[in-house]
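The values are calculated or read from the model by the stated rules, or taken from the named source; none is laboratory data. Nothing here was measured: the structure is a model prediction, and the numbers come from that model. No Cβ is skipped: glycine too gets one built from the backbone with ideal geometry, and neighbour counts run over all protein chains shown. When the accessible area is computed, the model is the full protein with side chains, heavy atoms only, and any ligands, DNA or RNA have been set aside. Shrake-Rupley method; radii C 1.70, N 1.55, O 1.52, S 1.80 Å.
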Amino acid sequence: MKPIAPALEIISNSYGSSFTYTKHAHKTNSKSHLLHYHPEIEIVFVNGGAGKRQIGSHISYYTNGSLILIGSNLPHCGFTNEKTGNKDETVIHFKPDFLGNDFFNIPEMKKIQKLLEQAKAGIAFGGETKKLIGTRMELMENKSPFERFLTLLGILKDLASSEEYTILNADGFLMEMQVPDNDRMNIVFSYVKDHFQEPISVDEVSSLVSMTTSSFCRYFKKISNKTFTEFVNEYRLVHASKLLAEKPISINEVCYESGFNNFSHFSKSFKQYTGKSASEYRQEHRATIM
């Protein structure tokens, strides 16, 4: 079956504003399952809940909500659906030049300029930063366009000063590529997202992007700084983390529902990836989902 390439999302500014502000009530973000990209920089706050997120070649399971800064054209899936259990989701989109071509080059904006450079790899914020910035984002809903604008500048300033962050693709993945490269990697990501529970042949994936197997393996490693097999296994392990936290099924069932066909290999891989056994991980996250 031919995979569906991730869509270029067209985003329109909010009325009377130079950027877009959207607040999704619980379960109303219909794009949550789609892999997509856009030239706008994106700030996302998920209020509560737990779920799976893919940003570039980074895949992880979040709990207690999420605050993410995503750079231009960095492919990602939505972060909420009917199962994540979040209260709502607030999203801000703005183009890199929404304040003019040279605004971020002035001395007062140097920290923010650095922040937006780092956002090309995706950034997750935690701790007090997540709570405080998330609250300010939600309160923007009832503000005038000018007040929203000032709030956004303040949010960027505080994010740039925060030390409570993680670079999600810190291993070197950047999506600053030519359009053919972008489309090719997005096809691969979509295929893995749709088929990770099945055996995935590198030969088959290579043919989907019209490359030989050896060329594809070298290409994927160069772009993502990880092998294709490592990427697939990470996707499966993150899904296993989600199942362990959210579903009252046996660990053996988690193994096979996540695409592994060998329980011993799954157990060893999960311990290496999370630092915990599957049973330890489930016990630690049980309180999160009850």
> Which one is least open to solvent (accessible area, probe 1.4 Å) among residues in the range 244-272 that are part of a loop (DSSP other than H, G, I, E, B) and small (G, A, S)?
Replying inline: S258
> Checking G259 against (1) within 20 Å of the chain's Cα centre (by Cα); (2) on the phi > 0 side of the Ramachandran plot, which single condition isn't satisfied?
Replying inline: (1)
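Residue-by-condition table, conditions (1) assigned to a loop (DSSP other than H, G, I, E, B); (2) modelled with pLDDT under 90:
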| residue | (1), (2) |
| --- | --- |
| G16 | yes, yes |
| Y21 | no, no |
| T28 | yes, yes |
| H36 | no, yes |
| E42 | no, no |
| V46 | no, no |
>> If S215 satisfies all but one of (1) open to solvent by less than 50 Å² (accessible area, probe 1.4 Å); (2) closer than 26 Å to Y61 by Cα, what's the number of the condition it fails?
In response: (2)
> Can you tell me which residue in the range 166-193 is nearest to K120 (Cα to Cα), limited to those that are in contact with a Pro (Cβ under 8 Å, 6 or more places away or on another chain) and modelled with pLDDT under 90?
Replying inline: M175
> Within the range 222-243, which residues are exposed (fewer than 14 other Cβ atoms within 10 Å of the Cβ) and under 17 Å from Y62 (Cβ atoms)?
Replying inline: none
> Given the conditions (1) among the β-branched types (V, I, T); (2) closer than 18 Å to A160 by Cα; (3) surrounded by 23 or more Cβ atoms within 10 Å (Cβ to Cβ), and given that I112 satisfies all but one, which numbered condition is not satisfied?
Replying inline: (3)
> So, of the residues in the range 92-111 that are free of Cβ contacts under 8 Å to residues at least 12 places away in the same chain and either touching a Pro at 6+ places or on another chain (Cβ under 8 Å) or among the acidic types (D, E) (or both), which turns out to be nearest to L153 (Cα to Cα)?
Replying inline: E108
>> I'd like the full set of residues that are touching a helix residue (DSSP H, G or I) at 6+ places or on another chain (Cβ under 7 Å) and of a type outside the set (G, A, S), limited to the range 65-76.
In response: L67, L69, I70, N73, L74, P75
> When both residues are 6+ apart or on different chains and their Cβ atoms are under 7 Å apart, which pairs have a first residue that lies in the range 112-132 and is on the phi < 0 side of the Ramachandran plot, and a second that is acidic (D, E)?
Replying inline: K120/E176; F125/E164; G126/E164; E128/E164; T129/E164
>> Within the range 69-91, does at least one residue satisfy the condition of being open to solvent by 50 Å² or more (accessible area, probe 1.4 Å), free of Cβ contacts under 8 Å to residues at least 12 places away in the same chain and not in a strand (DSSP E or B)?
In response: no
> Conditions: (1) of a type in the set (D, E, K, R); (2) modelled with pLDDT of 90 or more; (3) assigned to a helix (DSSP H, G or I). E163 meets all but one. Number of the miss?
Replying inline: (3)
> When D97 is evaluated against the numbered criteria (1) in contact with a strand residue (DSSP E or B) (Cβ under 9 Å, 6 or more places away or on another chain); (2) open to solvent by 10 Å² or more (accessible area, probe 1.4 Å); (3) assigned to a loop (DSSP other than H, G, I, E, B); (4) within 18 Å of P39 (Cβ to Cβ), which criterion, by number, is the only one it fails?
Replying inline: (1)
>> Can you go through L152, L139, L156 and tell me which one is open to solvent by 60 Å² or more (accessible area, probe 1.4 Å), modelled with pLDDT of 95 or more and not acidic (D, E)?
In response: L139
